[in-house]
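To start, the structure itself, in structure tokens.
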């Protein structure tokens, strides 16, 4: 069925050139760029809305809580990068807080051992979630709802239904400062930097992102995907438990619902920080900026109303708006660029058309 | 183009249609007119835009430009339902039937109003229709349990039964045998005689010559030829389709006869192929051919270690049977899947990251990222491949299909593999890039690589390959080489014995042990077992503590069960459409708080309060639904956000629990009929109504179809966003009723209660066997599961068990109930038929 026609086969004349990446484009495509911008704008307008909302006292009351949100949200970022969602964060925080409060006394296990236990036990629940999700392909939502129930049950069993007082040394540590900086902020910064370096500068981190971006494709090129998924859920529970330990110190007597307030902020910080909910590439620095944004936002709302309920409503609305904006702008800057360039170029992208004909 | 001779009536006119996908211009200013009484063939290679074009006509694809004229009405976009009601029926290349529906359900959704039978008569009606058409398909079976070929026949039957003015057939004979093709052609001729028109998409020229009157030829999304079929010779049509000289397109074949054996399979079997003997030698290109679904794809995946195979498989003489992806990669066996977006590319990642992906060890020998090494490796890999990308940091999805494929080939080359397995190498690739890809594959072979390609395009196989292995029914049907390697022989061997395809055989043993639904899906097995477990638990508890059976205790249990039933049903409504609602607990709290303001006086005021509470539920449901459908928020996040806001509202209304209901009212609301609380009766009635609605109404079918497969549901004419919105509103209403019931139980409005109910609602649906991925579930089973959960909660104090067990049991139940069906499915998938 060979047909001879005078028409010559199309050959490519002139190789297409691939331009080097400009530094400006590198900055603009950084996923956390928008979060940084949002934080800067918020801090710039804060004194205009509420004088004193950027004062030293305001900062020192806001920053420790933002730091705790950041620690949990880094774990949530890892899970979201694997295309999942960790709804067991509240259980893990509360469990960590209650274990350290209940067993941290000198006549119980002692603070050191209690902290280890407070980190390991929730991490084991996270490990179970990860194993079930990776090996049975169950929806992360359902599994983490279940593991949250398991951890809440454990909180009940550990606490007997009542909160407990943490030892003074822990609460002293949680509110202490180092070179004038709240120690929680320093811890959060270390966590963020370490995770960032592992994700962006190491082989493991690159593989982690590949598995998150497309697990099927990753499996086909020979990566063992399950380990990364399991690690994400384990680390998320571990970080949430760490947050719980520090929170226990901050609150002195953690309640049985201490972790509940951190679920939505942990997710919101990730989304505001520019990590796509579909998984893959993420930015924990963006997440930390997202947490900072939420912290300052809460601070601002507080100056208007002291009612927690009203604060919750306003925050939920603003978070919803932020998430929608972030989702609408998409995971990369091309949408943003198109919005800017629309006026200059005709509506239909004709360049592509010419290219493929 | 002389269309003035015996000018018939145009039934369907597409004018100036353009469609842009990211990176691909699928259609560009396409005009097609289809006349009554004629078969209009749409021709073109893979990826030419044929399916997109008919998708535009049928409403499943929204064009960027152009107009659609159907039944004398002009519009810029079509909705699948409208197209169907206006007399356009379509049979897709891959059957678009939502998997969790039964065949009868699917028929009811596919038929236009004018011919649709009532739900009651539908089973008989469909069975009779199938008998009349001579189809042997069990109509009560679920779509997921019938074979692809049967699903195809069901779609054809639905299209024929709808007495269409325009019938669109997209590659209908690909999945059909010779007899069925004859049958289909007879049906088509009967339709033409009635004055209908048929749009026929194919790339088989003989079929076009046999049946079509007029044709439109597409290449790379543009019309490159049209007119009467009789004005053209077969070769001329081929030339129009291919648009190039075949001889200059393909590189010279291999000449070196001394080729080392690289990969050899002997008696290799897998899920869809059996006893395959196959060899690939270094320096040659081997093709895998066959009609879709005859095992060639699975065989290629097995060579790549992606699916399991058993038998003898050797790589350079070493035994590598039971290969897995990781080992394949380590041995230098590289596989490029045909589903580029789904299985090959890391879509949101850059060109650089995609090229480096399988070569991480090469780019980071010490374990650390080095941007400079990566950049130079990427440029080295893409050298000579003419990839059109602005920078190497551009996301790969924004490239054209041809450039994407070139990036993937570059990434494969970088690791210097010994075997290159490429599935559909030129699918969605424009003509220019195609030539370069052929040349690249040949160059790889000349370097000593064994190249195996799988293609549906016989012309491509003839031109490119040194040897072609043709599959039929999972076995090697022919091996063509040298002079015997022609397009005609490839197609001939492929269709020679395809009366039934292997996929049906494989499915048959696994899913259809008997006719009809399998035992565990039949009727309400789940409901009955849950009720039995509940009764058993009641007996055990009563044995330990007889006071458990006191009227007070049982009454409290049943009243509390009513709340769980309602929240479970609320969650069911959303989950069955493929969503999830985490705001249920908050809505319950809000509703209870609202009603508490109206509980202090007479019944009239209370009714008003209930109305206000339900309206609040509707509002929350609407907000949830709009956030998901309009703003594209994931359901979890949308409902989590609204959950916080709703809870805040409830707390604002009642910072402290309060609002004691009057004693009379409490007595009236606590009414029990024969020991059964009124509220439970209400809840059970709602459950039964929801059960009937989901099973037997158009909206119920729409819910299930939307949750089962949104894309297919849309093609079937279901308005998926509307279904999702309806579901969230229903959930809001049911949750608010649950809040009212909660108030009648305690008589106090408390914003603090209710949060745990969100968890319980999820627990209830999972235990009830509702598919958490959407599509199926029984309201009765949910009610039974809710009853069981409440029985557990209520019996714990009597059994002297710690409160923590209430949570532990829920968590364990969810995990076990969710893992079991998955484990069964995994086991089944792993089993290889011998």
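Search the range A:156-184 for residues being under 19 Å from residue A:237 (Cβ atoms) and within 8 Å of chain B (Cβ to nearest Cβ), and hand back the single one that is surrounded by the most Cβ atoms within 10 Å (Cβ to Cβ).
The initial filter retains those residues of the range A:156-184 that are under 19 Å from residue A:237 (Cβ atoms), namely A:156-159.
Then keep just the ones that are within 8 Å of chain B (Cβ to nearest Cβ); that gives A:156-157.
Numbers: A:156: 19, A:157: 16.
Among those residues, the one meeting the criterion is A:156.
For the range B:358-386, enumerate the residues that are within 7 Å of chain A (Cβ to nearest Cβ), free of Cβ contacts under 8 Å to residues at least 40 places away in the same chain and surrounded by 15 or more Cβ atoms within 10 Å (Cβ to Cβ). Before the answer, list the steps.
Keep residues of the range B:358-386 that are within 7 Å of chain A (Cβ to nearest Cβ), which gives B:358, B:360, B:364, B:367-369, B:386.
Subset that is free of Cβ contacts under 8 Å to residues at least 40 places away in the same chain: B:360, B:364, B:367-369.
Answer for the range B:358-386, where residues must be within 7 Å of chain A (Cβ to nearest Cβ), free of Cβ contacts under 8 Å to residues at least 40 places away in the same chain and surrounded by 15 or more Cβ atoms within 10 Å (Cβ to Cβ): B:360, B:364, B:369.
Just for helices (runs of 4 or more DSSP H) wholly inside the range B:730-834: which have at least 1 residues that are buried (at least 17 other Cβ atoms within 10 Å of the Cβ), modelled with pLDDT under 85 and within 8 Å of chain A (Cβ to nearest Cβ)? Spell out how you get there, then give the answer.
Values: elements: B:755-767, B:779-798, B:804-830.
Answer list for the range B:730-834: B:755-767, B:804-830.
Out of (1) farther than 22 Å from residue A:280 by Cβ; (2) buried (at least 20 other Cβ atoms within 10 Å of the Cβ); (3) in contact with a strand residue (DSSP E or B) (Cβ under 9 Å, 6 or more places away or on another chain), what's the single condition that is false for residue B:293?
With respect to (1) farther than 22 Å from residue A:280 by Cβ; (2) buried (at least 20 other Cβ atoms within 10 Å of the Cβ); (3) in contact with a strand residue (DSSP E or B) (Cβ under 9 Å, 6 or more places away or on another chain), residue B:293 is out only on (3).
Listed residues A:129, A:147; which is more than 30 Å from residue B:348 (Cα to Cα), buried (at least 24 other Cβ atoms within 10 Å of the Cβ) and within 14 Å of chain B (Cβ to nearest Cβ)? Outline the logic, then answer.
On the way: A:129 fails: more than 30 Å from residue B:348 (Cα to Cα).
Exactly one of A:129, A:147 is more than 30 Å from residue B:348 (Cα to Cα), buried (at least 24 other Cβ atoms within 10 Å of the Cβ) and within 14 Å of chain B (Cβ to nearest Cβ), namely A:147.
Among the residues that make up the range B:111-121, is at least one of them at pLDDT 85 or above, crowded, with 22+ Cβ neighbours inside 10 Å and within 26 Å of the chain's Cα centre (by Cα)?
Yes: one or more hits.
Read through the list (1) more than 30 Å from residue B:269 (Cα to Cα); (2) in a helix (DSSP H, G or I); (3) in contact (Cβ under 8 Å) with a residue 40 or more places away in the chain; (4) more than 7 Å from chain A (Cβ to nearest Cβ), then give the number of the only condition that residue B:406 fails.
The number of the failed condition is (3).
Would you check if there is a residue in the range B:477-490 being on the phi > 0 side of the Ramachandran plot, surrounded by fewer than 20 Cβ atoms within 10 Å (Cβ to Cβ) and modelled with pLDDT under 90? Give the derivation first.
First, pick out the residues of the range B:477-490 that are on the phi > 0 side of the Ramachandran plot: B:482.
This time we only want the ones that are surrounded by fewer than 20 Cβ atoms within 10 Å (Cβ to Cβ), so: B:482.
Those left that are additionally modelled with pLDDT under 90: B:482.
The answer is yes; a qualifying residue exists.
Is one or more of the residues making up the range A:196-208 more than 14 Å from the chain's Cα centre (by Cα), surrounded by 24 or more Cβ atoms within 10 Å (Cβ to Cβ), within 14 Å of chain B (Cβ to nearest Cβ) and part of a helix (DSSP H, G or I)?
As a first pass, look at the range A:196-208 and keep what is more than 14 Å from the chain's Cα centre (by Cα): A:197-198, A:200-208.
When the remaining residues are screened for being surrounded by 24 or more Cβ atoms within 10 Å (Cβ to Cβ), the result is A:208.
The next check asks that each one be within 14 Å of chain B (Cβ to nearest Cβ); those that pass are A:208.
Those still in the list that are part of a helix (DSSP H, G or I) too: A:208.
Yes, there is a match, as at least one residue in the range A:196-208 is more than 14 Å from the chain's Cα centre (by Cα), surrounded by 24 or more Cβ atoms within 10 Å (Cβ to Cβ), within 14 Å of chain B (Cβ to nearest Cβ) and part of a helix (DSSP H, G or I).
Collect the residues in the range A:222-269 that are without any contact (Cβ under 8 Å) to a residue 12 or more places away in the chain and either at positive phi or in contact with a strand residue (DSSP E or B) (Cβ under 7 Å, 6 or more places away or on another chain) (or both), keeping them in residue-number order.
Of everything in the range A:222-269, just one residue is without any contact (Cβ under 8 Å) to a residue 12 or more places away in the chain and either at positive phi or in contact with a strand residue (DSSP E or B) (Cβ under 7 Å, 6 or more places away or on another chain) (or both), namely A:222.
Taking the residues in the range A:272-305 that are more than 30 Å from residue A:201 (Cβ to Cβ) and away from chain B (no Cβ under 12 Å) as candidates, determine which candidate is surrounded by the most Cβ atoms within 10 Å (Cβ to Cβ). Before you say what the answer is, go through the steps one by one.
First pass over the range A:272-305, keeping only residues more than 30 Å from residue A:201 (Cβ to Cβ): A:297-305.
This time we only want the ones that are away from chain B (no Cβ under 12 Å), so: A:297-300, A:302-304.
Values: A:297: 24, A:298: 19, A:299: 21, A:300: 22, A:302: 19, A:303: 14, A:304: 12.
For the range A:272-305, the residue satisfying everything is A:297.
Condition (residue is outside any helix (DSSP H, G or I), in contact with a strand residue (DSSP E or B) (Cβ under 9 Å, 6 or more places away or on another chain) and without any contact (Cβ under 8 Å) to a residue 12 or more places away in the chain) applied to the range B:655-671: is it met by at least one residue?
yes
Does the range B:387-400 contain at least one residue that is within 9 Å of chain A (Cβ to nearest Cβ), surrounded by fewer than 24 Cβ atoms within 10 Å (Cβ to Cβ), part of a helix (DSSP H, G or I) and free of Cβ contacts under 8 Å to residues at least 12 places away in the same chain?
No: the range B:387-400 contains no residue that is within 9 Å of chain A (Cβ to nearest Cβ), surrounded by fewer than 24 Cβ atoms within 10 Å (Cβ to Cβ), part of a helix (DSSP H, G or I) and free of Cβ contacts under 8 Å to residues at least 12 places away in the same chain.
Might you let me know whether the range B:344-353 holds any residue that is within 23 Å of residue A:81 (Cα to Cα), more than 11 Å from every other protein chain (Cβ to nearest Cβ) and at pLDDT 90 or above? Don't jump to the end; show me each part of the working.
At the first step, the residues of the range B:344-353 found to be within 23 Å of residue A:81 (Cα to Cα) are B:344-353.
Then keep just the ones that are more than 11 Å from every other protein chain (Cβ to nearest Cβ); that gives none.
Checking the range B:344-353: not a single residue is within 23 Å of residue A:81 (Cα to Cα), more than 11 Å from every other protein chain (Cβ to nearest Cβ) and at pLDDT 90 or above.
Among B:626, B:631, which is more than 23 Å from residue B:746 (Cβ to Cβ), part of a loop (DSSP other than H, G, I, E, B) and within 14 Å of chain A (Cβ to nearest Cβ)? Reasoning before the result, please.
Values: B:626 fails: part of a loop (DSSP other than H, G, I, E, B).
Exactly one residue qualifies, and that residue is B:631.
Out of the residues in the range B:323-343 that are over 29 Å from the mean Cα position of the chain (by Cα) and more than 9 Å from chain A (Cβ to nearest Cβ), state the one that is surrounded by the fewest Cβ atoms within 10 Å (Cβ to Cβ).
B:332
The values are calculated or read from the model by the stated rules, or taken from the named source; none is laboratory data. Quantities reported herein were computed from a predicted structural model and do not represent experimental measurements. Note that each Cβ is placed from the backbone with ideal geometry, even for glycine, and that neighbours are counted across all protein chains shown.
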